[in-house]
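For reference, the structure discussed in these notes is given below.
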Amino acid sequence: MRRLFILLSSTILLFTVAALFARQQAAPALSAAGDDEEFARLVKQWTTSPEFTSPLVDHLPKMAGVPSPKDVLGYYIGEPKKLTYTAEAYNYYRTLASKSPRVKVLTLGKTDEGRDYLEVFVGSEESIRNLETYKGYLAKLADPRGVSDVEAREIIAKAKPIYQVTGGLHSAETGPPEMLMELAYRLATEDTPLIRQIRDNLIVAITPVLEPDGRDRYVDWYYRHRVDDTSEDDLNVGLPYWGKYVRHDNNRDINFSQVVTKLALSFYLDWHPPIMHELHESVPLLYTFSGQAPQNPNLDPILYGELPWFANFTMSQMAKYGMPGVWTHAYVDMWSPGYLGQLATNHNSILRMFETFGNGGATTMTRHPGRGADGIPNGEQTTREWYRPWPAPAEIEWSMRDNTNYMETGVLTEMQLASAFPKVILENFYQKSRNSIEAGKRQAPFAYVIPASQPDMTRAAWLLNILRLQGIEIGRVTSEVTLKNDTFPAGSYVVKLDQPYGRLAKILLEKQNFPDPNLRTYDDAAWTMGLMVHTDVREISDQSILDAKTEPVSKVGVAGTMNGDLGKAAVIAVMQNGSNNLITLRYRLKDLKIRAAERAFKARDVDYPAGSFLIPVAGGTGAHVQGEIERLGLTAAALASAPDVPAHDLDLPRVAIYSTWNNTQDVGWVRYAFDQFEVPFDLIYKDRVKQGNLHASYDLIIIPNQGRNSKDLVYEMTPKPEPLDYKKSQRFQDLGMYGETDDIAGGMGLKGVDELQRFVAEGGVLVTLGTASFMPPDFGLTRNIDASRTSPQFYAPGPIIAAEILLPANPIFYGYADTRIPVRYANGPLLHVPEENRGEILMKFPGGDGNVLSGLMKGAQEIRDQPAIVSVPVAKGGMILFAGNPCYRWQNYGEFNMLFNTVMNSSQIVTLMHKKPQDLSSR
Ligand SMILES: [Zn+2]
């Protein structure tokens, strides 16, 4: 180690001299004012050790008339204890753009909370003047249909890659939004050969903050609670909310549900940057992504060469500058397409990704790279490996400026490579797009078909519109299509794979065959959309599907239908076809009494399954009901009299969704779904539960999946010496959003558990999802049901597996035509129900390898015949325990209906719980 260091030190010296010389040689035209000496002095002071900087970032030019971050913000980037709010950062970029012809700012939209979402272009004056022309070149390379190879070469000769670099997706990772301001200024003003090369050969697009709402909330939190905290043990003492609904999962939003992920996607599809570089903070000191196994085999082999090409260049360059702790490989894999940055690779571009070492703010502290985020020993970070040839030291003083130096040096280095090979980047981009189209012509599958004959087309439309959102082309067949093994009716949707994003369509729609059960993956192993959405999606291996005549579809809509004469109707029957829109209808018609048929019936010769709505209409209400049915894409019939079947009233329960303070995210996904389907609820926390008298306010309390176990749920974070309040104030406007508390620590405790018990005893319904279902067994709310975990050998990173409905007549399963359904496995509890209570098990996991439908479940026999849903009668009320999570990340859309049925039929479900199970034997 020592010898290596001496060698490197002399290299630094040489390089520094070389870099200084290079700067002295620079053309003086725009840098007449020289370097900012105060910057150099302060940055040196804030950099805690000489090896934590590089000749690329130890200086900053002055340029007359062009404001540096200091000129606008009043401080240099990386000053201890300084973080910048988005409004101030935006003001900087806008001021810079107003003074420099090399910078242009676009406002792309608004966030959930009304903040601007910005994109900043930096390049040569010529590039910025001709942005639209360059945009056009990239669009042609992104979709080269109709472009010959010769024409493509001509375009490449004129084009420049857009190199997009983004920060602030994760709000506690505070460094990138600071660094990017300095980067923008440096790129616009510095006149060294390297920066000139980047400025001339690339167009840099900076996304200053990907999650602006979370950024401002975190800056508030930092100044309220963290600014003077120098202990690395408390880095995880977290702000409850980043964005409105989710925290880290804005990087797992595979269906682009959130406002900010939609904005990022639409920027990509508009501008087609061949490189998207995302900046994160976690591991020491700089990890540069190279896409380790498992890798998605659908993506182009060119990409799998490009990823380590960039990563290795950065490792060797930064080692040359004398910076330790730069590594690659053993961290994030290339399996899931659902990370935000994968929108680049999914569309034939390159994802670059860094993790640097953040302090959760700008406070300098002693850090131990061999210790993980929770203080758990993580010695591997300090050991030498082939992919980590110069690991970080075991103990360091670490500052925001150190972090800035690493990030900025790394980004400039990857830009150096891209700007040295701009034509290679463009050729590869073109070739990957071309290969994607060709792959769809030559090898099966050639297409996916979504038949128009499905009982519920609202789910099919939802799926198709998510494909459209990502730029995937969809056609509708105008007449029946006959293939070797299938016939599809007119109106069916076809996704042909001979298109630029054909590979992405295949990735999203095919079954995931995890390549090696001994590998682990950073996120989900499965996402097959048809299985997640409970929609029939057929993989087509008959090449003639490519010749099927289709009309292009820009957005899929479903018009509802109403059969029969509304004028003579006494009742409107609405088919229970599993559409999630049924609950929206219920709430939009909250002033009407609606009943649910408990058996199937025929209405105007059409089969209406159990659970179909019966809506008595009188006077003018029919037309209003019809309007809503049509808008929601539902199927209905106007009947002269109600069908002769037993029925019960649908409820409009007073719903509360319970959230802990430090695991708000999975709750956020449930909130998001309820908001989307217009189901009103109160979001409640420990303070409300401890207050008691819950049944006076609520009929139904849902505890979504959250935390690792029931102790996390009940006790939450251990209280700190000082309370950690989360409250709005004059100074901290963005705290106290979505709930307020004097202390986020402590949890509901036994007092809260007792109140939940009382709530159920008094007639309330308690619904627990996923890991929250450990709590009722662990804390004695279910006296004769126990909960345990799978063995340490078991490994199930979100596979899709089969579940078997045991009591299909239970209203929870209204709309599910089959008793065997696909569900996402969520690592919830194994629930042990005594023999005499087996009738309380509504659904089970048959288990075993044969029931893994997509992705990986290692040890699938461990869940054989384990309960998936259990209903437990208690005094006047009851509990429903879902071992799985029926409302996961806006993704398992086909399972949502089980939760919505529970809401609408809660009284009936409780009534049934208290009856003998044989009463439920048939529908
Ligand atoms: Zn991150």
- Query: Between segment 624-643 and segment 115-176, what is the C-alpha centre distance in whole Å?
  - Reply: 49 Å
- Express the accessible area of segment 25-164 per residue in Å², computed with a 1.4 Å probe while the remaining protein chains stay in the model. 44 Å²
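Per the helix-only calculation at 222 nm, which mean residue ellipticity applies to the chain, given -39500 (n - 2.57) for every DSSP H run of n ≥ 4 and division by its residues, nearest 500 deg cm²/dmol?
Values: 27 runs with 296 residues, N = 923.
Taken over the chain, the calculation gives -9500 deg cm²/dmol.
Give a quick list of trypsin sites (Lys or Arg not before Pro) in segment 430-487 that DSSP marks as loop, anything other than H, G, I, E or B, with at most 10 other Cβ atoms within 10 Å. Spell out each step's value before the answer.
Working: sites: Lys432, Arg434, Lys441, Arg442, Arg459, Arg468, Arg476, Lys484; in loops: Lys484.
For trypsin sites (Lys or Arg not before Pro) across segment 430-487 that sit outside H, G, I, E and B with at most 10 neighbouring Cβ atoms in 10 Å, the list reads Lys484.
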- Task: Note the angle between two axes, namely the Cα long axis of helix 457-469 and the longest principal axis of the Cα atoms of the chain, as a number of degrees from 0 to 90, rounded to the nearest 10.
- Result: 10 degrees
- segment 832-873, accessible area per residue, ligands and nucleic acids excluded (1.4 Å, Å²): 38 Å²
- Message: Over 32 Å between Cα atoms: which of Lys506/Lys844; Lys484/Lys506; Lys82/Lys751; Lys81/Lys320; Lys62/Lys320; Lys62/Lys82 fall into that group?
- Response: Lys82/Lys751
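If you take the beta carbon distance between Thr621 and His248 as r and set R0 to 41 Å, what does 1/(1 + (r/R0)^6) give as a FRET efficiency, to the nearest 0.05?
Details: r = 46 Å, r/R0 = 1.12.
Given R0 = 41 Å and the Cβ-Cβ separation, E is 0.35.
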- Per-peptide average of other Cβ atoms within 10 Å, ordering 847-854, 126-133, 277-284 highest first: 277-284, 847-854, 126-133
- Message: At 1.4 Å probe radius, can you tell me the per residue accessible area of segment 404-444 in Å²?
- Response: 28 Å²
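As an exercise, use a Förster radius of 30 Å and the Cβ-Cβ distance of Asp818 and Glu438 to find the FRET efficiency, rounded to the nearest 0.05.
Details: r = 38 Å, r/R0 = 1.27.
With R0 = 30 Å, the Cβ-Cβ based efficiency is 0.20.
In the structure shown, do any of Lys99/Lys160; Lys135/Lys158; Lys686/Lys727 have a Cα-Cα gap over 21 Å, and if so which?
Values: Lys99/Lys160 24 Å; Lys135/Lys158 12 Å; Lys686/Lys727 15 Å.
Beyond 21 Å between Cα atoms: Lys99/Lys160.
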- Message: Given R₀ = 51 Å, what would the calculated FRET efficiency be for Leu546 paired with Tyr223, taking r from the Cβ atoms and rounding to 0.05?
- Response: 0.30
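Want the number for Ala570 to Lys44: 0.36 nm per residue separation, take away the alpha-carbon distance, what's left?
Numbers: separation 526, 0.36 × 526 = 189.36 nm, distance 8.16 nm.
Extending this stretch completely gives an extra 181.2 nm.
Relative contact order (percent) for segment 647-746, with alpha-carbon contacts under 8 angstrom and 6 or more residues of separation?
Details: 127 pairs, mean separation 31.2, N = 100.
Reported relative contact order: 31 percent.
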- Query: Near Lys555, which aspartates and glutamates are there with a Cα under 16 Å away, not counting those fewer than 8 places off in the same chain?
  - Reply: Glu473
- For Lys876 paired with Asn513, estimate the spin-label separation in nm (one decimal), with each label point 7 Å from Cα along the Cα-to-Cβ line. 5.8 nm
- Task: Just grab the label-to-label distance for Asp233 and Ser788, each label 7 Å out from Cα along the Cβ direction, in nm (one decimal).
- Result: 3.5 nm
- Query: Where the centre of each part is set by its Cα atoms, how far does segment 494-528 sit from segment 825-890, in angstrom?
  - Reply: 26 Å
- With the full set of protein chains in place, find how many percent of the accessible area of the chain is carbon and sulfur; take the probe as 1.4 Å. 50 percent
- Note on the structure: Any lysines whose Cα falls less than 17 Å from that of Lys876, other than same-chain ones fewer than 8 residues away, would be Lys915, Lys916
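In percent, how large is the relative contact order of segment 781-919, given Cα pairs closer than 8 Å and 6 or more residues apart?
Reported as a whole number, the value is 28 percent.
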- Message: Can you tell me what share of the DSSP beta bridges in the chain is antiparallel? A percent to the nearest 5 is fine.
- Response: 65 percent
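Compute the relative contact order of the chain as a whole-number percentage, counting only Cα pairs closer than 8 Å that sit 6 or more residues apart in sequence.
Working: 2051 pairs, mean separation 95.6, N = 923.
Here the relative contact order equals 10 percent.
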- Task: Calculate how steeply helix 301-320 sits against the longest principal axis of the alpha-carbon atoms of the chain, using the helix alpha-carbon long axis, and give the answer as 0 to 90 degrees to the nearest 10.
- Result: 40 degrees
- With Cα coordinates, the longest principal axis of the chain makes an angle with the long axis of helix 400-420, in degrees rounded to 10, of 80 degrees
- Expressed as a whole number of Å, what is the distance separating the alpha-carbon centroids of segment 468-483 and segment 54-86? 52 Å
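Cβ neighbours within 10 Å, averaged per peptide: list 716-724, 660-668 in order, most packed at the top.
Values: 716-724: 14.3, 660-668: 23.9.
Ranked from most to least packed, the peptides come out as 660-668, 716-724.
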- Query: In what sequence, largest accessible area first, do Glu408, Glu397, Glu840, Glu480 appear using a 1.4 Å probe?
  - Reply: Glu480, Glu397, Glu840, Glu408
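Sorted by average packing, counted as other Cβ atoms within 10 angstrom per residue and highest first, what order do 313-326, 341-354 take?
Numbers: 313-326: 21.9, 341-354: 25.6.
Output ranking for 313-326, 341-354: 341-354, 313-326.
The values are calculated or read from the model by the stated rules, or taken from the named source; none is laboratory data. Predicted, not measured: the structure shown is a model, and the values here were computed from it. Positions of Cβ are backbone-derived with ideal geometry, glycine not excepted, and every protein chain shown enters the neighbour counts. In case anyone asks, the SASA skips ligands and DNA or RNA and just uses the protein heavy atoms, side chains included. Shrake-Rupley method; radii C 1.70, N 1.55, O 1.52, S 1.80 Å.
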